[in-house]
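Notes to accompany the following structure.
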Amino acid sequence: MSAGGYKITDQGATYFVSFAVVGWVDVFSRKEYRDIVIDSLKYCQAEKGLVIYAWCIMSNHVHLIISAKQNNVSDVLGDLKKYTSKQIIKAIQTHPAESRKECLPDRSFRRG
């Protein structure tokens, strides 16, 4: 998922954020990969204090309206993106029906 160009300056505010798959590859066209995003969002809500007001997963990007209970939006968002991208790469590499597995991880995600 690509790195954003904007900085979160008020950690206690509510933000509209978007993040996209590098190269705008349609990774989220498979339900399994969308489910990884949803599970990550649920985990961050339960364990990290993420507050989600609205969300939308498109075929190659995600939109969120969020804040954080502990006023640490940057930390929660960073953890969410890092964990989710690693899980999606792992799923792509092990998915038995993924015909694109040889090219997707290198084209779609920056490794961090």
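The values are calculated or read from the model by the stated rules, or taken from the named source; none is laboratory data. The structure displayed is predicted, hence computed values, not measured ones. Please note: Cβ atoms are built from the backbone with ideal geometry, for glycine as well, and neighbour counts cover all protein chains shown.
Some observations on this one:
- Single condition I65 does not satisfy, out of (1) out of contact with any helix residue (DSSP H, G or I) (no Cβ under 8 Å at 6 or more places or on another chain); (2) farther than 10 Å from L50 by Cα; (3) surrounded by 17 or more Cβ atoms within 10 Å (Cβ to Cβ): (3)
- Scanning the range 49-89 for residues that are in contact with a Phe, Trp or Tyr (Cβ under 8 Å, 6 or more places away or on another chain), over 11 Å from Y15 (Cβ atoms) and among the aliphatic types (A, V, I, L, M) returns I57, M58, V62, I88, I89.
- Within the range 73-101, the set of residues being surrounded by 18 or more Cβ atoms within 10 Å (Cβ to Cβ) and closer than 19 Å to S18 by Cα comprises V73, V76, L77, L80, K81, T84, S85, I88.
- Test result for R34, touching a helix residue (DSSP H, G or I) at 6+ places or on another chain (Cβ under 7 Å) and either of a type outside the set (F, W, Y) or modelled with pLDDT under 95 (or both): yes
- The condition of being touching a residue at least 60 places away in the same chain (Cβ under 8 Å), surrounded by 14 or more Cβ atoms within 10 Å (Cβ to Cβ) and touching a Ser or Thr at 6+ places or on another chain (Cβ under 8 Å) does not hold for V51.
- Residues in the range 93-111 that are in contact with a helix residue (DSSP H, G or I) (Cβ under 7 Å, 6 or more places away or on another chain), assigned to a helix (DSSP H, G or I) and either at pLDDT below 60 or polar (S, T, N, Q) (or both): Q93, P105, R107, S108.
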